[in-house]
Amino acid sequence: MARNVEIKARIESVADLARRVAPMATEKPAVINQDDTFFHCANGRLKLRQFDDGTGQLIFYKRPDQRGPKESFYVLSATSSPDSLREALALAYGVIGRVTKQRLLYRVGRTRVHLDKVEGLGEFMELEVVLGEGESTDDGNREAASLMEQLEIEDSQLIDGAYLDLLKQITG
């Protein structure tokens, strides 16, 4: 299974943070619209992500719900038929929620910096430090902490769960 170290933080403005990330980026940013449907899953989280071009990814991931850097294990599986896959998974497992967002993706070395506008929630930043096979989580934690400092992200901005969890808190 692939691994990374992640942090997620609430931010005031995607545009403001983009100005701080852009000079650090190792390639031009990409704008990605994402529609994520989450399904019941006893051993982690399972979501189907659909893109504007009609393709998608089935994503299983497992990570602790805690503030600050955390190790995440994940598996991605591409699909060219996200609508029928969503229907099959909904019938088999049941849908627990849906999250739509516009993501501005930057790469800073091996780290993916996501600047997200999440429908119904606001604006956020995610860091995903991709770990190599056998690499220590501590290496990823240090890199995430360094980027947080450079981007002026305070510990008080960090959130512990997924966007779906935040939406559920609002909608009950």
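The values are calculated or read from the model by the stated rules, or taken from the named source; none is laboratory data. It should be emphasised that the depicted structure is a prediction, and the values quoted were computed from it without experimental measurement. For neighbour counting, all protein chains shown are included, and Cβ atoms are generated from backbone atoms with ideal geometry for every residue, glycine included.
Against the criterion of being in contact (Cβ under 8 Å) with a residue 60 or more places away in the chain and at positive phi, residue 122 qualifies.
Quick grid of which residues meet (1) surrounded by 17 or more Cβ atoms within 10 Å (Cβ to Cβ); (2) closer than 20 Å to residue 73 by Cβ; (3) among the charged types (D, E, K, R):
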residue: 108; (1), (2), (3): yes, no, no
residue: 116; (1), (2), (3): yes, no, yes
residue: 124; (1), (2), (3): yes, no, no
residue: 136; (1), (2), (3): no, yes, no
residue: 144; (1), (2), (3): yes, yes, no
residue: 147; (1), (2), (3): yes, no, no
residue: 155; (1), (2), (3): no, no, yes
residue: 163; (1), (2), (3): yes, yes, no
residue: 171; (1), (2), (3): no, no, no
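Results for (1) loosely packed, with under 13 Cβ neighbours inside 10 Å; (2) hydrophobic (A, V, I, L, M, F, W, C); (3) free of Cβ contacts under 8 Å to residues at least 24 places away in the same chain, shown as yes or no for each residue.
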{"site": "31", "(1), (2), (3)": "yes, yes, no"}
{"site": "45", "(1), (2), (3)": "no, no, no"}
{"site": "52", "(1), (2), (3)": "yes, no, yes"}
{"site": "60", "(1), (2), (3)": "no, yes, yes"}
{"site": "65", "(1), (2), (3)": "yes, no, no"}
{"site": "71", "(1), (2), (3)": "no, no, no"}
{"site": "78", "(1), (2), (3)": "yes, yes, yes"}
{"site": "89", "(1), (2), (3)": "no, yes, no"}
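For residue 128, the conditions (1) buried (at least 19 other Cβ atoms within 10 Å of the Cβ); (2) more than 16 Å from residue 151 (Cα to Cα); (3) within 18 Å of the chain's Cα centre (by Cα) all hold with the exception of (2).
Residues are listed down the side, and each one gets a yes or a no for (1) farther than 15 Å from residue 6 by Cβ; (2) modelled with pLDDT under 95; (3) under 14 Å from the mean Cα position of the chain (by Cα):
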residue	(1), (2), (3)
84	yes, no, no
87	yes, no, no
90	yes, no, no
96	yes, no, no
137	no, yes, no
150	yes, no, no
167	yes, yes, no
